[in-house]
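The structure under discussion appears below in the form of C-alpha cells.
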Amino acid sequence: MTSRSESLTDEEMKALEEEFDSEVRFRPLPPFLGWLVAGTLFALACYHYYTAGYGIPRATTHRGVHMGVTLALVYFSFMAFGRPRAVTPGILAPFGLPLIDWVLAIAALVSALYVPWIFEDLAFRVGNPLPIDVIMGTILIVTLLEATRRAMGWPLPVIACFFIAYAYFGQSMPGVLTHPGSDWAGIVNHLYLTSQGIYGTALGVISTYVFHFVLFGVMATRIGLGQLFIDLASSLAGRFAGGPAKVSVLSSAMLGSISGSSIANTVTTGSLTIPAMIRIGYPRHFAAAVEAASSTGGQITPPVMGAVAFLMIEYLGVPLTTILTAALVPAFMHFFGVLVQVHLEARRRGLRGLTKDELPVAWIVFKAGWLTTLPLFVLVAILLSGKTPYLAAFWGITACIGVLAIQSLVKHGTNIQGAVTEFVVGLWDAFVLGAKYSLSVTAAAALVGVVIGVVTLTGVGFKIAYMVTSVAGQWAETVSAGFAFLPFAVMSVTSLTLLFTLIMTAIVCVLMGCGIPTTANYLIMIAVAAPILGLLGVEPIVAHFFVFYFGVLADITPPVALAAYAAAGIADANAFKAGNTAFRLGMGKALVPFVFVFSPSMLLVTEGFTWSEFFLATLGAMAGIWMLSSVFAGWLFAPLRGYERLLLAISALLLVVPSLWPTIIGILLVLPAVIRQLPLIGKSVSYRETT
C-alpha cells in the first residue's frame, strides 16, 4: 500500500500545516472580499517595508495602526467556529462575511485607532479617563479577546480573563495574593491608555521588528533560499550512516535561521526528509520525531529566532548582537543532541547513507543558487554593524526583491512582459503571505499586553516569586537534611533552592506552551518568572533564555506536541509515540538551560565570563548529552550491556554539572564501557545481529 509520506502533494502539505497550526487556518473568501483582504495585506506589508527604511512614526500611532488593521483582518481571515469554509452572501453575510464579523472588525479598527487619535490629550486623561475612553477600551479588550481566540484558540484568552478577574477581585484573593483591587475604569485606564498594557513593549516589538523579519523569511523562501539549504544539507550530510536523518537535522538548522515557525519548518523539510528516512530503514515514528525535534530548533537559531530575540533586546536593553551571540552555543547544543541520537540509532540499526546517485553535488547546487544567499548575508552584515534590526530587515527584503527581479529576467530572457508579470506576482504573493503570517502573532502580543498590564498593576509577579522561592527553599532544606550523613555536601541549600525553582519554572513553561504560542508563553513567563529567578541572583539574560527554551520545548512535549504531530501526519506514524520520541531527541534543549543557569559563561556574554568555565560547561554538556543518547539507544561504539547503560546514565548527569569533580567522576564511570568496546570499533556489529 502506498503510504501518505510517499505521495504527499503541495496541497496535502498545506492542509497538514493548517490542521496542526491554527495560526495559518485561513478561511476561503469570495472573489471581491478576497481581493480586498489581499490588497489590505499587501498595503500593510508595504507600510512596514517603507517605515523600516525611512523611519517609524510615533510609537503609539505606529502600534495603533498596525494593531487596528491587523485585528480587522483577523475577523476577515478566521472563522468564529469550525473549520474554514465559505459563507453564502446574503443580508446577514454581506460580501460573503457574517455581519457580526463586519461589526467586530470595524469596532476593533476604530477602538485601536482611538488612542493615537487622542494622543495629544492623553497626558490629561491617564488616571482620569472619560466615559468614552472606558467604552473604547472595553470594546478593544473584548474584540482583542475574540480575535485571539479565533486565531489561536481558547487558552490565551482564558488566561487573560483570569488575570483581568484577578485585577478586579483583588480584595477577595487568598493570602499573599490579596491586593486592593481596581474598578473597571481603573483597569481599562491602565490597560488601554498607558504604555504598560495593550500598547506596550510586546505590541511594539511585533509591529517594529517581528513583522519585518517574518516578511524577510517569506521573501527569502520565495526566491529559493530554503530549497538551497535543503539541497546543501543533502549534499553535505546525506552520504553518512542514516543520511536522511542527518540531512533533516542540518537542513532544519539552516532553514531555521530564516524561519521561526516549528510547524512550517517541519512540513517544509519533512516532506522530503521523512520519506527518505523511512525508505532507508528508520521506524516511522522515529523519522517523524527527528524532523520535529530538528525543526523546533529554528526558533532558537540566530539570526531570526522567531520573535523572541527582538523582545529580548527591548526587555533587556542590550544590542541584538548580544542576544545572537548568547544564542549560538545553546542552539548548537540542541542540534548536536539530535544529531548524536540519529547517528547512534543509525549505527544500532545498521542503516546506510544515501548513494551518490541520490545526492546532489554541493558545488553544482551552490553554483545554481548562490544568488539567493545574498539577502541573508546583507541582513547579517547590517545586524553585526550595529544598525537597527528593522533597518537590517529593510535591506534584507530589498535584496530579496532584487534577487527576485534578476531571477524573473533570467528565466524569461527577452520576454520582458513575462519577466515583469512573474516579478509582480511573486512580490505580491510574498508580501500578502508575509502579512498574513503576522496576524495571529500580533493579536497574541496585544492580548499578552493585558496580562503584563495586570502584573504591573497588581504586583502579582513579585508575590508569586515570594511563594515559589519559599516553597523551593523548604524543599532544599529538607533534601539537604536528608543527605546530612554524607561527609561532604552534594549541593548547598542555596543551589538546591535554585534547582527546585528552575524545575518548577520549567514545568510551568512547558504546560503554558501546550496551549499558547512560544512568543506569548515567553512574554507571560518573563513577567512572572523573571522576578522569581532575579530573587535568586540569576542574571536577566540567563533568566530570559531559560524561560524561552522551555517554552519552545512545548512543541515536542506531549500531550500537545504540535510539531511532532504534524511530522507524524507526513510519516503515517503514531502521533503520541512520535511526540514522546521527539521529546527524547530534544533533551539537549531541556538539559542545557540548567547548565547555563549554573554556568552562565556558556552564553558568552554574561558578567564574570571565563574561558575555563565556558569550556568546562560546554564540553561537559556535550559529553553528557552523548552519554545519555547512548543510554537511550543502547549503543556507544557497539551494543551496551545493562550495567554499562546504568553507569553511562549516572555519568551523563555528572558530566552536565558544570563543576570539575563531578566531571572527573563522570569520565571515570564511562571508562569501563569504552575500554570493553574499543576492540569492536569499526567491526560490523549491528542491532540486528544482537537481537
Calculate, for the chain, the solvent-accessible area per residue in square angstrom, rolling a 1.4 angstrom probe over the heavy atoms of the protein chains.
40
What's the magnitude of the charge dipole for the chain around its Cα centre, counting Lys and Arg as +1 and Asp and Glu as -1 at the beta-carbon? Answer in Debye, nearest 20.
1400
In region 284-356, which trypsin sites (Lys or Arg not before Pro) fall in coil by DSSP and have 16 or fewer other Cβ atoms within 10 Å?
ARG352
Divide the volume of the convex hull of the Cα atoms of region 489-602 by its number of residues and quote the answer in cubic angstrom per residue.
103
Which shape class, rounded, prolate or oblate, goes with region 560-650 when its Cα gyration tensor gives a ≥ b ≥ c as root eigenvalues, a/c under 1.5 marks rounded, and past that a/b bigger than b/c marks prolate?
oblate
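Compute the projected area of the convex hull of the Cα atoms of region 322-473, averaged over all viewing directions, and report it in nm² to one decimal place.
Working: hull surface 68.6 nm².
That works out to 17.2 nm², a quarter of the Cα hull's surface.
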Estimated FRET transfer efficiency when R0 is 30 angstrom, pair VAL380-SER659 (beta carbons, to 0.05)
0.25
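Given the DSSP H assignment, sum -39500 (n - 2.57) over each helix run of at least 4 residues in the chain and divide by its residue total; what's the result at 222 nm in deg cm²/dmol, nearest 500?
Numbers: 32 runs with 485 residues, N = 691.
One gets -23000 deg cm²/dmol as the mean residue ellipticity at 222 nm.
Give me Rg over Rh for the chain, both radii from the alpha carbons and Rh done the Kirkwood way, two decimal places. Write out the running numbers ahead of the final one.
Values: Rg = 26.1 Å, Rh = 26.6 Å.
My calculation of the ratio gives 0.98.
Among rounded, prolate and oblate, which fits region 363-429 when a ≥ b ≥ c are the square roots of the eigenvalues of its C-alpha gyration tensor, a/c under 1.5 means rounded, and a/b larger than b/c means prolate?
On the way: a/c = 3.68, a/b = 1.61, b/c = 2.28.
Because a/c hits 1.5 or more and a/b fails to exceed b/c, region 363-429 counts as oblate.
In region 603-680, which chymotrypsin sites (Phe, Trp or Tyr not before Pro) fall in coil by DSSP and have 14 or fewer other Cβ atoms within 10 Å? Mind showing how you got there, number by number?
Values: sites: PHE609, TRP611, PHE614, PHE615, TRP626, PHE632, TRP635, PHE637, TYR643; in loops: PHE609, PHE637.
When the chymotrypsin sites (Phe, Trp or Tyr not before Pro) of region 603-680 are filtered for loop state and at most 14 Cβ neighbours within 10 Å, PHE609 remain.
Using a/c under 1.5 as the rounded threshold, could you call region 195-278 rounded, prolate or oblate? The axes a ≥ b ≥ c are square roots of the C-alpha gyration tensor eigenvalues, and prolate needs a/b larger than b/c, oblate otherwise. Before the final figure, lay out each step's value.
Values: a/c = 3.55, a/b = 2.61, b/c = 1.36.
Prolate shape, in that a/c is at least 1.5 and a/b is the bigger ratio.
Within the accessible area of the chain, what % is carbon and sulfur when the probe is 1.4 Å and the other protein chains stay in place?
Details: 19240 of 27880 Å².
Whole-percent figure for carbon plus sulfur exposure: 69.
The values are calculated or read from the model by the stated rules, or taken from the named source; none is laboratory data. Small disclaimer: the values here were computed from a predicted structure and weren't measured. Glycine gets a Cβ as well: all are built from the backbone with ideal geometry, and neighbour counts include every protein chain shown. Protein only, heavy atoms only, side chains kept; ligands, DNA and RNA dropped before computing areas. Shrake-Rupley method; radii C 1.70, N 1.55, O 1.52, S 1.80 Å.
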